[in-house]
Amino acid sequence: MILLKVAITILAVTTLSIIAERVSPRTAGILSGYPLGSAISLFFIGLEQGAQFAGASAPYNVAGMAALLTLLFVYYLTSAYIQHITQNRLWSMFAATLAAAVSFLAVDGLLHILHLPVWGAVLAAAAAILGYNALFKDIPDSQIQEKIQLGPGVLLFRAAVAALIILATTGLAKLVPPSWAGLFSAFPATVFPLILIIHSTYGHRQAHAIIKNSPTGLWAMVLYSVTISFAYPRAGIYWGSLLGFFNATLYLLALAYWNGRRPRIKIDPVGPEVIPGKRI
């Protein structure tokens, strides 16, 4: 079971990071809203704890989108500030990760106290997505120009970060009630490792481009979680997951069609940051 969790998560994160490098961080940011991390967490919670437990957790996963976006916003602010005053990529990553994790837990704690119903969770998620989308709109879209070779060391780092997060998230579900399990499952188990990977490899500007475009794709995750909150108890985790992915995919296809009809935005073509004495 553990190996299956790790394998699925590694595949999702590695695919998104390759998209960020080969296509654009903007595209990876939008696709990161596809319910990969949450779906993995909720599926294995359902497999281990039962479909009823996972279905009861799903509305809290929806509300947890507010915590997820707060985490991304705090990571953006902290990493930009620390990078500006220290010019040190590792320090900015460390400080931003710590601050972001604390903010996620703080918002999750508030949401747990509120005990929102499904409609309240959807409203909270919608307000967070719209609000943070407005806050992120001025972040520049930065393209990756110089790609690194995807050697064993790079892939191992990506795999390790992703595996640790998903194992911690699903492991906690065994120790807490459905409400907390749902809130924890909203932790960005695929997009956060992706941000760390892109930040450590290319710099904070490319990582910020992923953050900028994350809210747009999160509607897919909301659709998925709302769907399985009703489908898991009635149809089981397998058919419920398929129905959730169907609805999420319809949204992203509609989004792709809409974006294809819009004028292209200007991309800031910057390569990796240069750190004295360090070769990428």
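What follows is calculated from the coordinates using simple rules that are stated; it is not laboratory data. Treat the numbers as computed from the prediction; the structure is a model and nothing was measured. Glycine also receives a Cβ, built like all others from the backbone with ideal geometry; neighbour counts cover every protein chain displayed.
Among TYR81, TYR202, TYR34, TYR251, which comes first, then next, by fewest other beta-carbon atoms within 10 Å?
Result, fewest neighbours first: TYR81, TYR251, TYR34, TYR202.
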Modelled FRET efficiency - R0 30 Å, LEU135 with LEU164, Cβ distances, 0.05 increments: 0.55
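Place the peptides 224-230, 118-124 in order of packing, highest mean first, counting for every residue the other Cβ atoms within 10 Å and averaging per peptide.
Values: 224-230: 25.0, 118-124: 17.4.
Sorting 224-230, 118-124 by mean packing, highest first, produces 224-230, 118-124.
Sort PHE53, PHE43 so the one with the fewest other Cβ atoms within 10 Å of its own Cβ comes first. Kindly include the intermediate steps, with their values, before the conclusion.
Values: PHE53 19, PHE43 23.
Least to most surrounded, the residues fall as PHE53, PHE43.
How would you rank HIS112, HIS84, HIS208, going from fewest to most other Cβ atoms within 10 Å of each one's own Cβ?
Working: HIS112 18, HIS84 10, HIS208 25.
Exposure proxy ranking, most exposed first: HIS84, HIS112, HIS208.
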